[in-house]
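See structure below.
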């Protein structure tokens, strides 16, 4: 076997595997076969498994921090990454090193070759990095792993996990409809496919009755305890763009993550930890500290306070609706400059209608996303022309951001620039702002 000698070669190989299997697998037989080649590392530590349309990353970050506060060595697996591929796999908030990516790439590749794995059981990119994460957590001695699904749940490669302690189902809405189904009920059925026998299920509290019924029924069929946070036990005291104070079941908490949806994610996390460890002063202190410390990139992330520039990864109707409500609640008196790039397959016309019909939008500028699936900025601008009078497009993100900063400067401190539409935009927005600062 020819081993790769540097991280760049290893990453090129991983990306060359493609996002989808050919032929596609309709069950978990491939990933289970691959895991067996390595002694089923996914079952060598305790797992919390997370599926949902929105909120998985924030929920995973909160859970991981609390488990660390409790003294557990904790792995976290997320999808997608924001800026660096290594973000996908971490232990105790430290991303896997490039050297370890190289090591596990060579190790997995060698094992596949030695075992003459049939072509239709060769891993795609997500299979490969999932397997690498499972191995990494085992060999580094993790006690817990918080694992986020990539897409769906039922046949997602992460679902090779045999017995998670808890399955957490976050907010469910329409996304990836061409793969998961064209109704929230069909999507919920796929997401609830991570629920396993004799475990526990925690469901995001703001869930439609039809989706909640699917989760409850699945939990009952699998002999699982079913837990849904009690909204009536929630009291929100204070919110701004930097932190939120709230009580849940008469106990106080503080979170950095902005927006009401993050409060609902947080109480789902609280219920998850309590169903595992009980409810006492030690657990409360760990939850309080873990929540307070949690930051997750690209979730209403403040890039600059003067001028106020925020990036949010909202990219579907549900996510953009949450972003809209957060802007209305936390920035009620600001002139809002929107900079947006979206992928063609994210139903941009419907998504943009959700936010651009609001009268707080002062200007909308469309930009491209660094992806072959990017929607044309002129097309995006056309989608909002009926809702927003002040529209523009720009094929250069740096120019678009610079123009917005210069125009917003006239209205400071009563202006804010919000960049959103795709997680693929995050790194480029940050790079553009850093370039602006350094010029």
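Data overview
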read-out	value
Wholly within the stretch 346-434, strands (runs of 3 or more DSSP E) carrying at least 2 residues that are closer than 19 Å to residue 315 by Cβ and in the same structural domain as residue 325 (by TED's automatic domain parsing)	361-366, 415-420
Unique match (being at pLDDT 95 or above, in contact with a helix residue (DSSP H, G or I) (Cβ under 6 Å, 6 or more places away or on another chain) and more than 25 Å from residue 65 (Cα to Cα)) among 135, 102	102
Output for the stretch 81-93, where each listed residue is under 17 Å from residue 147 (Cβ atoms) and either more than 18 Å from the chain's Cα centre (by Cα) or exposed (fewer than 15 other Cβ atoms within 10 Å of the Cβ) (or both)	93
Qualifying positions in the stretch 307-329 - without any contact (Cβ under 8 Å) to a residue 60 or more places away in the chain and touching a helix residue (DSSP H, G or I) at 6+ places or on another chain (Cβ under 8 Å)	321, 324
All positions within the stretch 108-122 that are modelled with pLDDT of 95 or more and surrounded by 17 or more Cβ atoms within 10 Å (Cβ to Cβ)	108, 109, 112
Residue under evaluation residue 15, criteria (1) surrounded by 16 or more Cβ atoms within 10 Å (Cβ to Cβ); (2) within 24 Å of the chain's Cα centre (by Cα); (3) within 30 Å of residue 62 (Cα to Cα), criterion not met	(1)
Matching residues, the stretch 316-361, being under 18 Å from residue 299 (Cα atoms), surrounded by fewer than 17 Cβ atoms within 10 Å (Cβ to Cβ) and out of contact with any strand residue (DSSP E or B) (no Cβ under 7 Å at 6 or more places or on another chain)	325, 328
Number of positions in the stretch 187-205 that are more than 14 Å from residue 156 (Cβ to Cβ), buried (at least 19 other Cβ atoms within 10 Å of the Cβ), over 18 Å from the mean Cα position of the chain (by Cα) and without any contact (Cβ under 8 Å) to a residue 60 or more places away in the chain	2
Qualifying residue in the stretch 305-315 (condition: within 22 Å of residue 58 (Cβ to Cβ), in a strand (DSSP E or B) and out of contact with any strand residue (DSSP E or B) (no Cβ under 8 Å at 6 or more places or on another chain))	yes
Residue identified as touching a residue at least 12 places away in the same chain (Cβ under 8 Å) and in contact with a helix residue (DSSP H, G or I) (Cβ under 6 Å, 6 or more places away or on another chain) among 338, 352, 343	352
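The values are calculated or read from the model by the stated rules, or taken from the named source; none is laboratory data. Bear in mind the structure is a predicted one, so any value in this text is a computation, not a measurement. Because the Cβ atoms are built from the backbone with ideal geometry, glycine has one as well, and the counts that use them run over all protein chains shown.
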